[in-house]
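Every number here is computed from the coordinates shown, using simple stated rules; none is lab data. The shown structure was predicted, so the numbers you read here are calculated from the model rather than taken from an experiment. For neighbour counting, all protein chains shown are included, and Cβ atoms are generated from backbone atoms with ideal geometry for every residue, glycine included.
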Amino acid sequence: MYRILLLIPATSYRTTAFIEAARSINVEVTVGSDHRSTLAEMNPAGLLSIDIYDIARAVESASTFSQSYRIDAVIGVDDQSVVAASAIAEELGLPHNTIISVSATRNKYIMREFLSQHAVPQPSYIRVSIDENSEYLPGNISFPAVLKPVALSGSRGVIKVNDKNELQNAFYRVRKILDTINKKELTHDSRFVLIEEFIEGDEIAVEGLITDNDCKILAIFDKPDRLTGPYFEETIYTTPSRHNPDTLTDIIELTKQAVHAIGLSRGPFHAEIRFNESGNYIIEIAARSIGGYCSQALRFQDANRPDRIVSLEELIIRNALNNSIDSIHRESDASGVMMIPAPRRGTLQGVRGVEAAKKIPEISDLIISAHIGQELVPLPERSKYPGFIFARAKDPFIVEQSLRKAYEVLEFDVR
């Protein structure tokens, strides 16, 4: 029986989904987490305490574990764990992305440099220290611009600015955000930020898997709500895309160019692209799949077994074990997810309208992931969403409308 080592932060939503997917195809799972579980001694093969931020120690822990239990693949589920997964797989002689390539996806400046070296279209950018006096930045910065911490993810700390005064305020705000980050999560260059050209236009997300150096596109998501700033909290994703097929063909080609430029050679990727009449531009690319509960918006069918539904997590596991996924394609129905934005900063007292929202036609599920008493903090300070709404229909426009109707029914009591 195969065994995968699943590196996943203790705060991740996706542990259960991966474990259920592995069980469905008879694969053993060892969960490697930075959380020390009191149950580890009762299930030594299933739980491994591992510090994903200390790469050397993570490799040592996994190597020691592998002397007692065979590991056939290592999967890093979130942004925080992909570098450790690559290093462990290298040590164990398993197929993996290079440490350099996954590190590039974790550092926005390195990613931009790799893309630039291969002439992949992207926003213009400069890198500066967040501790610099913003009054003395280069004078050739054009506005509007976007300030981005190089090492944060999920749009945390990302702020659009329209002039130098707003840029100075954004510097101060991002400095405060970085001062609150757990120090072990930060690298030596985490105090740097990018000042990027703001690209007007529509934005889509491309979900894919790299199999034997070939990019398999799993889904293209539209983002019907235009992300114009000043903060970039994502809301609705729908698939299949409603954009022009020729435009999508060009975007797929651009995505593959970016994957090649960064050097990714195996596993999932998630790319963000903006486009307008001037062209298509890579905004982000990550060496992991879509985050949070959002993977539930995707379902797949296997032509060899059309009677069963295949999850995104199962696809990732099968790919990691080098099992063919050529016969698997996304379901024919349209689907989508709405990441519910935090309404304002405060303590969650309750949520009304959940059952009414679930009864709206085409709504397939609704998850409130925040708990009563939890502090909700909107972007740019934090990127956790308090809940997720899912819908399925024959047409992506109907999916979008159903998601909006369900959201309108919900009332968050935040104090």
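Please give the calculated 222 nm ellipticity per residue for the chain, where each DSSP H segment of at least 4 residues contributes -39500 (n - 2.57) and the sum is spread over every residue; nearest 500 deg cm²/dmol? Let's see the in-between values first.
Working: 10 runs with 114 residues, N = 415.
So the calculated ellipticity at 222 nm is -8500 deg cm²/dmol.
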Inter-centroid distance (Cα atoms) of the stretch 317-340 relative to the stretch 209-266, Å:
14 Å
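Which of GLU381, GLU362 has the fewest other C-beta atoms within 10 Å, and how do the rest follow up to the most? Display every interim value, and only then the final one.
Working: GLU381 16, GLU362 22.
By the 10 Å Cβ count, ascending, the order reads GLU381, GLU362.
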Over the chain, calculate the relative contact order: mean separation of alpha carbon pairs under 8 Å at least 6 apart, over the residue count, as a percent.
14 percent
Over the residues of the stretch 334-415, compute the C-alpha Rg and express it relative to 2.2 N^0.38 Å.
1.10
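Over the stretch 3-97, calculate the relative contact order: mean separation of alpha carbon pairs under 8 Å at least 6 apart, over the residue count, as a percent. Walk me through the numbers before you get to the answer.
Values: 149 pairs, mean separation 30.2, N = 95.
So the answer I get is 32 percent.
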Three principal axis lengths of the chain [C-alpha, angstrom, descending]
60, 50, 48
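Using a cut-off of 14 Å between beta-carbons, work out the net charge of the residues near ARG127 (Lys and Arg +1, Asp and Glu -1, ARG127 not included). Display every interim value, and only then the final one.
Values: positive: LYS108, ARG112, LYS148, ARG191; negative: GLU113, ASP131, GLU132, ASP189, GLU196, GLU197.
That sum, taken over residues with Cβ under 14 Å, equals -2.
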Would you mind ranking TYR231, TYR281 by Cβ crowding within 10 Å, fewest neighbours first?
TYR231, TYR281
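Holding the Cα-Cα limit at 20 Å, pick out from LYS148/LYS384; LYS256/LYS394; LYS108/LYS223 the pairs that are longer than that.
Numbers: LYS148/LYS384 18 Å; LYS256/LYS394 29 Å; LYS108/LYS223 22 Å.
Cα-Cα > 20 Å for LYS256/LYS394; LYS108/LYS223; rest within.
Let me know the charge dipole size of the chain about its Cα centre in debye, to the nearest 20, where only the beta-carbon of Lys, Arg (+1) and Asp, Glu (-1) is charged. Don't skip to the answer; put the middle values down first.
Details: 45 positive and 56 negative charges, 156 e Å.
The calculated dipole for the chain is roughly 760 debye.
Which percent of the Cα-Cα distances in the stretch 3-97 go past 15 Å? Display every interim value, and only then the final one.
Details: 2462 of 4465 pairs.
Pairs farther apart than 15 Å: 55 percent.
Give me MET338, MET111, MET1 sorted ascending by neighbouring Cβ count inside 10 Å, so fewest comes first. Before the final figure, lay out the partial values.
Numbers: MET338 28, MET111 24, MET1 7.
Lowest count first: MET1, MET111, MET338.
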Using only the alpha-carbon atoms, what does the stretch 370-415 span along each of its principal axes? Please give whole angstrom values in decreasing order.
37, 21, 14
